[in-house]
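Inspection log for the structure reproduced underneath, given as structure tokens.
FYI, it's all coordinate maths here, none of it is from the lab. Because the structure is predicted, anything quoted here is derived from the model rather than measured. Positions of Cβ are generated from backbone atoms using ideal geometry, with glycine treated the same way; all protein chains shown enter the neighbour counts.
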There are 2 protein chains.
Amino acid sequence: MAKEEVSSKQVILKHHVTGYPKESDMEFKNTTIKLNVPEGSNAVVLKNLYLSCDPYMRLRMSKLEGSYVASFTPASPITGYGVAKVLESGDSNFQKGDLVWGITGWEEYSIVTTTHTTLFKIHDKDVPLSYYTGILGMPGMTAYAGFYEVCSPKKGETVFVSAASGAVGQLVGQFAKMLGCYVVGSAGSKEKVDLLKSKFGFDEAFNYKEEQDLDTALKRYFPDGIDIYFENVGGKMLDAVLLNMKLHGRIAVCGMISQYNLEQTEGVHNLFCLITKRIRMEGFLVTEYYHLYPKYLEMIIPQIKSGKVVYVEDIAEGLESAPGALIGLFSGHNIGKQVVMVSHE
Amino acid sequence: MAKEEVSSKQVILKHHVTGYPKESDMEFKNTTIKLNVPEGSNAVVLKNLYLSCDPYMRLRMSKLEGSYVASFTPASPITGYGVAKVLESGDSNFQKGDLVWGITGWEEYSIVTTTHTTLFKIHDKDVPLSYYTGILGMPGMTAYAGFYEVCSPKKGETVFVSAASGAVGQLVGQFAKMLGCYVVGSAGSKEKVDLLKSKFGFDEAFNYKEEQDLDTALKRYFPDGIDIYFENVGGKMLDAVLLNMKLHGRIAVCGMISQYNLEQTEGVHNLFCLITKRIRMEGFLVTEYYHLYPKYLEMIIPQIKSGKVVYVEDIAEGLESAPGALIGLFSGHNIGKQVVMVSHE
């Protein structure tokens, strides 16, 4: 049964970006869309509720060749993780009225032809729905897999997290505290540093922008060295951390946000420390760990409901705010996980 | 019973070194030594037969602070791995007449007060004794532990070895071939490249000094990418390798000889590849694997005797040649494992 067309505003990437992205690299487009599943298709029709702003999206704004993610297509809507409501479904795994999270478009309505591997049905609605862009979605699984599966953490170890108030970092710090580790985080403002200590329970935190020398700062908080570094930023911080790792330390490489807008990345000079300290440094991608998602939900949802794990979001209202919210990630404008609220359910 | 004094020539490090080391950073000293164990001591008196020149020794020539190895003491003999004959022993683990390998001095005779943890008794003498500075000593164990324990190799994988004709590299390549891997090595001269292919059975080899662009060279030999990189050199080669690693590749970081003489190390720019390809990069030190030495000997000695594994040494004659032999490592002067023959048994 054909539905009538409705208007659907979109956020379009105008062109591939080099250097620091600007809001003007994006534009809005007013389109119309028929809210039905094309005949014979297993697509689902989504009403987008929340969109997720994540650092990796900067990479997709560039013209990439043979990377692990595809470039965004210029003149098309940006795509990314989001929370949506199913309006119609040609896929038997999803029913009209279901709430889902996964990859969707930066627009009011999307028709998604992906299979169930990239859309997750939301079962527990007794938590803020926006959490499925964060603690209950990709960033939550990233923190969980990165910390528990890649870092091989042990009680009593010393843990350093960069970009620690971000979508992933705030969780890594809380997971490490739950395990009985000593945890220090770095962030880019006094407000974030306060949040790390007062809200997330980090033992210590510092504002990297106020440190003359990152090596000195790390030695202040880790006089005996770092067992685990959860790497979100790269560049100079990584170099300073390498000097301060302990014997048999582990570095889980999750992201390198300090490098994403540079046309020539910074060189890392202290890799010889990998030998002298027998360090394991390992990159990972959350997509290889989604089989653990049910187990993660079972652990994390009670922790959220009991208040033992908290999550801070920075919610921008309306699709109109999306370009600014995305750009803001790279100047550290957001406090906590950056979300865009497109529509209430 | 007090012995008479004998003359013992020594190789002395005159001062700590910055930048490229020169023969004139060392000098000879003629001393005399009493060839008996000091009363009440468990020292052993050694007649040194072969001394080993190893890249890590460059680090010890520098003034180091808090590194994994101690600086050499200026005005004292250099120390390093060697093969020696026990002349007197205050340690019940060693008898007069035993042949041993381990850390000794760059001199004709040494009195070593270390315990049996740094001296290994030589049981099989049916192989060249000098091999205990190489294939049957520290470099052999380095190749064995680094390849089998750190690289997690599997039959059919693609393996790249830098400094491939060196003391360690030539063995890593042969171990990888034994396992059924495709193996490519890089070295710094045509003669070494020929050796890799004709003597050690590498599938391919190239002279890195003749390549305009290392990335292009690696793509020529690894059109589908590298599963395992055995890292001996660091710097630009590491950067090029990162671009050519396969998904879930492993990098065993054994050494970074290209960086040892630089006052400011080269920056490595492509570490983001660790994430995109989920690479594990791990530094290791042979000293943590000596418990596997008996198992290694059991495997390798028959391979040597049957000619299935070969080993090329570059033997400099006489203690007088030691400074030049050591310096030569850093210009790639040696072909194969660099040894100094001090005395025949």
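The test for being farther than 23 Å from residue A:287 by Cα and of a type in the set (Gly, Ala, Ser) does not hold for residue A:146. With respect to the stated conditions, residue A:79 fails to be within 26 Å of residue A:344 (Cα to Cα), hydroxyl-bearing (Ser, Thr, Tyr) and over 23 Å from the mean Cα position of the chain (by Cα). Can you confirm whether residue A:190 is surrounded by 15 or more Cβ atoms within 10 Å (Cβ to Cβ) and out of contact with any Pro (no Cβ under 9 Å at 6 or more places or on another chain)? No, not satisfied. Taken together, the residues in segment A:125-165 that are part of a helix (DSSP H, G or I), of a type in the set (Val, Ile, Thr) and touching a helix residue (DSSP H, G or I) at 6+ places or on another chain (Cβ under 6 Å) amount to 1. Taken over segment A:6-24, the residue count meeting the criterion of being in contact (Cβ under 8 Å) with a residue 24 or more places away in the chain and out of contact with any Pro (no Cβ under 8 Å at 6 or more places or on another chain) is 10. Hey, does segment A:138-155 have a residue that's touching an Asp or Glu at 6+ places or on another chain (Cβ under 9 Å) and among the β-branched types (Val, Ile, Thr)? Yes, there is a match, as at least one residue in segment A:138-155 is touching an Asp or Glu at 6+ places or on another chain (Cβ under 9 Å) and among the β-branched types (Val, Ile, Thr).
Can you find, within segment A:194-220, the residue that is farthest from residue A:244 (Cα to Cα) among those that are of a type outside the set (D, E, K, R) and out of contact with any helix residue (DSSP H, G or I) (no Cβ under 9 Å at 6 or more places or on another chain)? Residue satisfying both the conditions and the ranking: A:198.
Say whether the condition of being buried (at least 24 other Cβ atoms within 10 Å of the Cβ), under 20 Å from the mean Cα position of the chain (by Cα), among the β-branched types (Val, Ile, Thr) and in a loop (DSSP other than H, G, I, E, B) is met by at least one residue in segment B:169-179. No, segment B:169-179 contains no residue that is buried (at least 24 other Cβ atoms within 10 Å of the Cβ), under 20 Å from the mean Cα position of the chain (by Cα), among the β-branched types (Val, Ile, Thr) and in a loop (DSSP other than H, G, I, E, B).
I'd like the full set of residues that are surrounded by fewer than 21 Cβ atoms within 10 Å (Cβ to Cβ) and closer than 20 Å to residue B:79 by Cα, limited to segment B:326-340. Answer for segment B:326-340, where residues must be surrounded by fewer than 21 Cβ atoms within 10 Å (Cβ to Cβ) and closer than 20 Å to residue B:79 by Cα: B:327, B:328, B:330.
Pick from A:288, A:298, A:231: which is charged (D, E, K, R) and crowded, with 17+ Cβ neighbours inside 10 Å? Steps first, answer last, please.
Working: A:288 fails: crowded, with 17+ Cβ neighbours inside 10 Å; A:298 fails: crowded, with 17+ Cβ neighbours inside 10 Å.
Being charged (D, E, K, R) and crowded, with 17+ Cβ neighbours inside 10 Å holds for just one of A:288, A:298, A:231, which is A:231.
If I ask for residues that are within 30 Å of residue B:22 (Cβ to Cβ) and free of Cβ contacts under 8 Å to residues at least 40 places away in the same chain, which ones from segment B:263-286 would you list?
Within segment B:263-286, the first condition is being within 30 Å of residue B:22 (Cβ to Cβ), and the residues that meet it are B:263-268, B:283, B:285-286.
Of everything in segment B:263-286, those that are within 30 Å of residue B:22 (Cβ to Cβ) and free of Cβ contacts under 8 Å to residues at least 40 places away in the same chain turn out to be B:264, B:265, B:266, B:267, B:268, B:283.
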